[in-house]
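The values are calculated or read from the model by the stated rules, or taken from the named source; none is laboratory data. Keep in mind it's a predicted model, so treat the numbers as computed, not measured. Glycine gets a Cβ as well: all are built from the backbone with ideal geometry, and neighbour counts include every protein chain shown. Please note that ligands, DNA and RNA were not included when accessible areas were found on the heavy atoms of the full protein model with its side chains. Shrake-Rupley method; radii C 1.70, N 1.55, O 1.52, S 1.80 Å.
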Amino acid sequence: MIHDGVTAFPGVVDAHVILTANGVKHRQAAEIVLHGTHSVLKALEETSDLYAATDLAVTKLDSQCRKAK
């Protein structure tokens, strides 16, 4: 999934994916950062389900990639 977003945004130099599970509040977070030659795109989503948070972050990043083209 993330690979599609990287190929849709030419000039990507580096990608970081950070997944966090907070046991106390039962919150899961997915943060994706794409470093491009001229810009940095970042998406952060937090839900009770890690898979849902990842999907939402990828969707948000996909939207940012389309706007940045």
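Please get the size of the charge dipole for the chain, origin at its Cα centre, with Cβ charges of +1 on Lys and Arg and -1 on Asp and Glu, quoted in debye to the nearest 20.
Here the chain has a charge dipole of around 220 debye.
In the chain, carbon and sulfur make up what percent of the accessible area (probe 1.4 Å)?
57
Take the Cα coordinates of the chain, assign each an equal point scatterer, and use the Debye formula without solvent to give log10 I(q)/I(0) at q = 0.16, 0.23, 0.27 Å⁻¹.
Values, matching the q order: -0.50, -0.89, -1.13.
What accessible area per residue comes out for the chain, rounded to a whole number of Å², with a 1.4 Å probe?
67
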